[in-house]
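The values are calculated or read from the model by the stated rules, or taken from the named source; none is laboratory data. This is a predicted model, so every value here is computed, not measured. When we count neighbours, we look across all protein chains shown, and the Cβ atoms used for this are built from the backbone with ideal geometry, even at glycine.
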Amino acid sequence: MLESTEHALLRRIAHEQAACRAPSLVAAVVRDGEIVWSGGRGRVGDAVPGTDTQYRLGSITKTLVATAVMRLRDEGLLDLNDPLENHVPGTPFGAATVAQLLSHTSGLTSESPGLWWERTPGADWDALVGSLAEGATKHRPGAKFHYSNVGYGVLGELISRHRGKDWLSVLDEEILGPLGMTRTTPHPVGAHADGFAVHPFADVLLPEPHPDAGAMAPAGQLWSTVTDLGRWTAFLGGDDGGVLSPDTLEQMRTMVTVDDSDVWTTGFGLGLMLVRYRGRRLAGHTGSMPGFLAVTLVDPAIRTGALALTNSTSGVGITQLALDLITTTEELEPHLPAEWQPSTVDPALLALTGLWHWGPTPYHLRIQGDALLLAPVEGAGRGSRFRPTGDDTYVGLDGYYSGETLKVGRDGEGVATHLDLATFVFTRTPYDPAAPVPGGVDGWR
């Protein structure tokens, strides 16, 4: 990157580390699947932290657990609408679905009963589920967003039962290994930062414990580095490495529930936190454990993201820091769109493009990559992309018609005369009398 850009990015993290009194802080910017800048401030021992210094990820762990669950879905081993009872029978909250657990809409309690789980050694699954025998469900499943660390302890058990091994081994074999994330571990290994609480009224530190969380570990156990978290940020931005299909990753990044309903800036998809900021839609997650804060956010549209890790219990504005790093990068070195190049298009598909009408309202149908885009000619409206599923049959990918079927109607000579989209009939001219418009067409007056 330009020297001026690098200085601006370093200045931003230097300010955060100094103003928020973080013992140490590391950060990076990711573009097009690669770390293009990284920096560190403060000290870990006697050294400035680097890209191989481990910090605890906290709840970013959940994004890897969610990815393992989605792999099970893609293999046909579960359906997102399955109740938990189908896969982990015998719990008092078995009516909650897999999707609800992923999106924090299951209604499960936020924390496990008993002692503060983040600061005490965790028990096994039997002890956890036993502690949840009464009062575990705080809200009707599906009723509202309610962040649940317990829900991810449950998903870790679901993964283990399907794979016949512990959830950590599954992550190692199916996700961390294939992506080359060799420095992401359940406990610190090699160079790592110790976690501290910073006194609110004095410049002194209190060491924080980091015990094994047991059955609650899928909610926030993992440690990682800038290098590994940079690879994960690239993954969330679309550099999937064969671990997930692009469609599944996009499904994870699709809003399921809004967190702050008054201003609608944050929410959750399937295992991913979603942020809307200055016209951008970002995906990722934050992490918080005693002694540590972490964040990864990426804008999939331009594949620019940022991450930050610090060994302070609180005080650092870790999410805003990541947003500022992305904004600074894009302001000083704007993302260059890919060069436009002509492509090969099926002539039969090309013949479908152009002007169509939903009643009297004009729409344009155009080819966009491997999909068709049907959108109003003017103003906002029911626009969606469609992907072919068979001869003259397409399925909606997003927008109002997501999941709905579009069929092409043709005359005896094979000419497309109308589009049947979820029973709505689109015609080449407004209410074409030659097309099967329900209710008939009596002519314009």
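Some points to look at:
- Residue in the range 404-420 that is hydroxyl-bearing (Ser, Thr, Tyr), within 27 Å of the chain's Cα centre (by Cα) and closer than 30 Å to Pro300 by Cβ present: yes
- Within the range 191-206, no residue satisfies the criterion of being over 19 Å from Gly42 (Cα atoms) and surrounded by 14 or more Cβ atoms within 10 Å (Cβ to Cβ).
- Of all positions in the range 27-37, none carries a residue that is free of Cβ contacts under 8 Å to residues at least 12 places away in the same chain, in the same structural domain as Leu244 (by TED's automatic domain parsing) and of a type outside the set (D, E, K, R).
- Residue within the range 277-284 that is farther than 27 Å from Arg43 by Cα, in the same structural domain as Pro211 (by TED's automatic domain parsing), touching a residue at least 40 places away in the same chain (Cβ under 8 Å) and among the charged types (D, E, K, R) present: yes
- Residue list for the range 72-114, filter: touching a residue at least 60 places away in the same chain (Cβ under 8 Å) and under 18 Å from His285 (Cβ atoms): Ala99, Leu102, Ser103, His104, Thr105
- Consider the range 164-190 and keep the residues that are under 18 Å from Asp124 (Cα atoms) and touching a residue at least 60 places away in the same chain (Cβ under 8 Å). The one that is surrounded by the most Cβ atoms within 10 Å (Cβ to Cβ) is Trp167.
- Verdict on Ala136 being surrounded by 13 or more Cβ atoms within 10 Å (Cβ to Cβ) and in contact with a Phe, Trp or Tyr (Cβ under 9 Å, 6 or more places away or on another chain): yes
- Count - residues of the range 211-235 that are out of contact with any Phe, Trp or Tyr (no Cβ under 7 Å at 6 or more places or on another chain), in a helix (DSSP H, G or I) and more than 22 Å from Thr51 (Cβ to Cβ): 2
- Residue within the range 343-355 that is outside the structural domain of Arg31 (by TED's automatic domain parsing) and in a strand (DSSP E or B) present: yes
- Those residues of the range 108-149 which are more than 29 Å from the chain's Cα centre (by Cα) and within 27 Å of Val258 (Cβ to Cβ), in sequence order: Gly135
- Residue match in the range 390-404 (condition: more than 25 Å from Asp247 (Cβ to Cβ) and not β-branched (Val, Ile, Thr)): no
- Answer residue from the range 359-393, given it is farther than 16 Å from Thr405 by Cβ and more than 30 Å from the chain's Cα centre (by Cα) and is surrounded by the most Cβ atoms within 10 Å (Cβ to Cβ) among those: Tyr363
- Filtered by the rule that a residue be of a type in the set (S, T, N, Q) and crowded, with 17+ Cβ neighbours inside 10 Å, the range 328-358 gives Thr328, Thr329.
- Condition met for Arg11 (more than 18 Å from the chain's Cα centre (by Cα), charged (D, E, K, R) and assigned to a helix (DSSP H, G or I)): yes
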